[in-house]
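Visitor: Attaching a single structure in structure tokens format; questions to follow.
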Amino acid sequence: MSLNLEPELDGFAWWQRGVVYQIYPRSFQDSNGDGVGDLAGITRRLDYLRWLGVDAIWLSPVYTSPMADFGYDVSDYTGIDPLFGTLGDFDHLLAETHRRGMKLIMDFVPNHTSDQHPWFLEARASKDSPKRDWYIWRDPMPSGAPPNNWLSEFGGAAWTLDDITGQYYYHAYLPQQPDLNWRNPAVRDAVHTALRFWLDRGVDGFRLDTIHHLFEDEAFRDNPPNPDFRVGLAPTLAFTRTHQVDLPEVQDVIAGFRRITDAYGARVLVGEAYLPLEKVMAYYGTPERPGVHLPFNFHLIGAAWKASFIADLIAHYDGLLPPGRWPNWVLGNHDRARVASRVEPANAPLAAMLLLTLRGTPTLYYGDELGLTNVDIPPERVRDPWELRVPGFGFGRDPVRTPMPWDNTRHGGFTNSEPWLPLNSDIGAKNVETQRGDPKSLLRLVRDLIALRRRTPALSVGSYGIIESRGDVLVYERLWGGQRLTVFLNFAATTVYTPLAQGAVLLSTAGARAGESVNNLLCLRPHEGLVVETPQHAESDETP
């Protein structure tokens, strides 16, 4: 059984075939010794990403910002913050990314700006300001209280009283992040202009931040109490966000974004909306009103680490997809606990095989290819505003944003000064240099999985055959043309045997088994995953 190398896959876009790698710029590579990662540092490490085999990099925000929320509070949509470099540094990074055959996706924050953005400074100057209606303002209640009971995602009321004009302004997140009023056509025009600025420079798409928050109830009705709220849950969960998120008007704005990017050819829009899967599907849009290409599917992040649960999730998600729409999977990002901390380090290789063999575009978070776990952050070094505002609930995101360990030196090759956050304590084993030289490392496994995916259409674009759990073993087939690959993932800490009539092992998470023939019974070691090429019956020969 042989595999073709780099097959031509006509009809599939680059973002369907490829693997996306998320970079948190503050933590990837410092080039100027200030302890914070920057654009020049990312450029320096592009050869590593090309070696790893990823197809696109997604940058968390690098726009001009006061950094109240580390770049998700934008004060200039068309500027680069000096902390990260210059517009020239960005152009160089983009050119070098393209020269290596990779794409670059920018994070874009359409829901809110910084309170230091010129638009907001003008809006708050007077109730008669021409830009007043660019944001959301309401008078206080007769008691002086906020206009309604809406709560911020980051704790406390979602309204802040502005001393200059005596009105409250709305912010779904920090008070330093006032929400834009997307019912105002001038706001749409201004944001569209910013999108075109970056598209004209050659960026390959955008990840749209928190798009389900773009509209709020026009009547500003109170949210209903959350019937599932109980003592011990975060105070922000006391009410459901019925009137704050996922309003129908959002889809028109997304369709506007899509029209802009479609005019530039092979670009991609990725949308962040933390919603139930049934609601996520609406963000694909319709043939008449297209939405984003990829509404992020975060549901593996919170999934129970059980074969039966994940089998049901895969089948449920795939069954919900609208006709012609493309799936995607995410196991980690800058807002959620590290994969290896959620599933235990012994299962990190299994998780990597899961992510990189499912149908759809995978997004890999920097450092997860090394098996990084959450880093303990001393109280005096906590930087995350969410943790500072709502302490004690485990919302702190600093533990998953720590610097990338490139080698085993004092600061891991990330910087030659004190890093903005501490590095992982197990840097001796979990750094790029060490794992790159170890053929049994997680890094090398991830690279091998990406390479297998690249040269195997069944993995990159193929359909599913069976999806099932056999006790502690998750099994699914990937089909393309005359090829069938079967993925076996053993969630148990014991050896398991499962029936398999015939096959040849292509890749194992537990060592060199490539080429091993299987007849009648397949042996899976504890926490082992296998990709096996199996004969395909003529009646199941299909393409998606």
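Visitor: Name every residue in the stretch 220-229 that is surrounded by 13 or more Cβ atoms within 10 Å (Cβ to Cβ) and charged (D, E, K, R), in order of residue number.
Guide: Scanning the stretch 220-229 gives R221, D222.
Visitor: Which numbered condition trips up V280, out of (1) surrounded by fewer than 23 Cβ atoms within 10 Å (Cβ to Cβ); (2) more than 16 Å from the chain's Cα centre (by Cα); (3) part of a helix (DSSP H, G or I); (4) of a type outside the set (S, T, Y)?
Guide: Result: V280 fails condition (2) only.
Visitor: Which one of E418, E477, E433 is at pLDDT 95 or above and either touching a Ser or Thr at 6+ places or on another chain (Cβ under 6 Å) or assigned to a strand (DSSP E or B) (or both)?
Guide: E477
Visitor: Would you check if P118 is at pLDDT 95 or above and surrounded by fewer than 16 Cβ atoms within 10 Å (Cβ to Cβ)?
Guide: yes
Visitor: Residues that are under 28 Å from R453 (Cβ atoms), within 21 Å of the chain's Cα centre (by Cα) and surrounded by 21 or more Cβ atoms within 10 Å (Cβ to Cβ): does the stretch 382-401 have at least one?
Guide: Yes - at least one qualifying residue is present in the stretch 382-401.
Visitor: Separate question: Output the residues belonging to the stretch 523-537 that are surrounded by fewer than 22 Cβ atoms within 10 Å (Cβ to Cβ), at pLDDT 90 or above and either touching an Asp or Glu at 6+ places or on another chain (Cβ under 6 Å) or over 18 Å from E344 (Cβ atoms) (or both).
Guide: C523, E533, T534
Visitor: Still on this structure, please answer the following. Would you pick out the residues in the stretch 237-255 that are surrounded by 16 or more Cβ atoms within 10 Å (Cβ to Cβ) and outside any loop (DSSP other than H, G, I, E, B)?
Guide: F239, V250, Q251, V253, I254, A255, listed by residue number.
Visitor: Kindly indicate the residue of the stretch 154-168 that is in contact (Cβ under 8 Å) with a residue 24 or more places away in the chain and crowded, with 22+ Cβ neighbours inside 10 Å and also farthest from D69 (Cα to Cα) among those meeting that condition.
Guide: Within the stretch 154-168, the match that is farthest from D69 (Cα to Cα) is Y168.
Visitor: Something else about it: Got a number for residues in the stretch 9-67 being buried (at least 18 other Cβ atoms within 10 Å of the Cβ), more than 25 Å from L87 (Cβ to Cβ) and of a type in the set (G, A, S)?
Guide: Residues flagged as buried (at least 18 other Cβ atoms within 10 Å of the Cβ), more than 25 Å from L87 (Cβ to Cβ) and of a type in the set (G, A, S) within the stretch 9-67 amount to 2.
Visitor: Taking the criterion of being β-branched (V, I, T) and more than 23 Å from the chain's Cα centre (by Cα), would at least one residue in the stretch 18-32 satisfy it?
Guide: The answer is no, given that none of the residues of the stretch 18-32 is β-branched (V, I, T) and more than 23 Å from the chain's Cα centre (by Cα).
Visitor: Something else about it: Is there any pair with a first residue in the stretch 501-517 that is closer than 15 Å to T456 by Cβ and a second that is modelled with pLDDT under 90 and aliphatic (A, V, I, L, M) whose Cβ atoms are under 7 Å apart and which are 6 or more apart or on different chains, and what are they?
Guide: A504/M1; V505/A514; L506/A514; L507/A514
Visitor: What number goes with the only condition from (1) touching a residue at least 60 places away in the same chain (Cβ under 8 Å); (2) assigned to a loop (DSSP other than H, G, I, E, B) that W119 does not pass?
Guide: With (1) touching a residue at least 60 places away in the same chain (Cβ under 8 Å); (2) assigned to a loop (DSSP other than H, G, I, E, B) applied to W119, the lone miss is (2).
Visitor: Quick one: which of P362, P345 is in contact (Cβ under 8 Å) with a residue 12 or more places away in the chain and crowded, with 19+ Cβ neighbours inside 10 Å?
Guide: P362
Visitor: Condition test on D133, is it within 24 Å of T64 (Cα to Cα), part of a helix (DSSP H, G or I), outside the structural domain of V20 (by TED's automatic domain parsing) and at pLDDT 95 or above? It would help to see each step written out before you state the result.
Guide: On the way: within 24 Å of T64 (Cα to Cα): yes; part of a helix (DSSP H, G or I): yes; outside the structural domain of V20 (by TED's automatic domain parsing): yes; at pLDDT 95 or above: yes.
Yes; evaluated as a whole, the condition is true for this residue.
Visitor: Another question about this same structure. Within the stretch 194-215, track down each residue that is outside any strand (DSSP E or B), in contact (Cβ under 8 Å) with a residue 60 or more places away in the chain and more than 17 Å from E96 (Cα to Cα).
Guide: Those that are outside any strand (DSSP E or B), in contact (Cβ under 8 Å) with a residue 60 or more places away in the chain and more than 17 Å from E96 (Cα to Cα): A194, L195, R196, F197, D209, T210, I211, H212, H213, L214.
Visitor: Further, regarding this structure: Kindly indicate which of A458, A504, A451, A492 is hydrophobic (A, V, I, L, M, F, W, C) and assigned to a loop (DSSP other than H, G, I, E, B).
Guide: A492
Visitor: Take the conditions surrounded by fewer than 16 Cβ atoms within 10 Å (Cβ to Cβ) and either under 20 Å from G205 (Cβ atoms) or in contact (Cβ under 8 Å) with a residue 24 or more places away in the chain (or both) and apply them to P322. Does it pass? Steps first, answer last, please.
Guide: Working: surrounded by fewer than 16 Cβ atoms within 10 Å (Cβ to Cβ): yes; either under 20 Å from G205 (Cβ atoms) or in contact (Cβ under 8 Å) with a residue 24 or more places away in the chain (or both): yes.
The answer is yes for P322.
Visitor: Next up: Spot the failing condition for G232; the list is (1) modelled with pLDDT under 95; (2) exposed (fewer than 13 other Cβ atoms within 10 Å of the Cβ); (3) part of a helix (DSSP H, G or I), and only one is missed.
Guide: Condition not satisfied by G232: (3).
The values are calculated or read from the model by the stated rules, or taken from the named source; none is laboratory data. What you are looking at is a predicted structure, and each value in this text was computed from that prediction instead of being measured. Every residue, glycine as well, gets a Cβ built from its backbone with ideal geometry; the counts of neighbours run over all protein chains shown.
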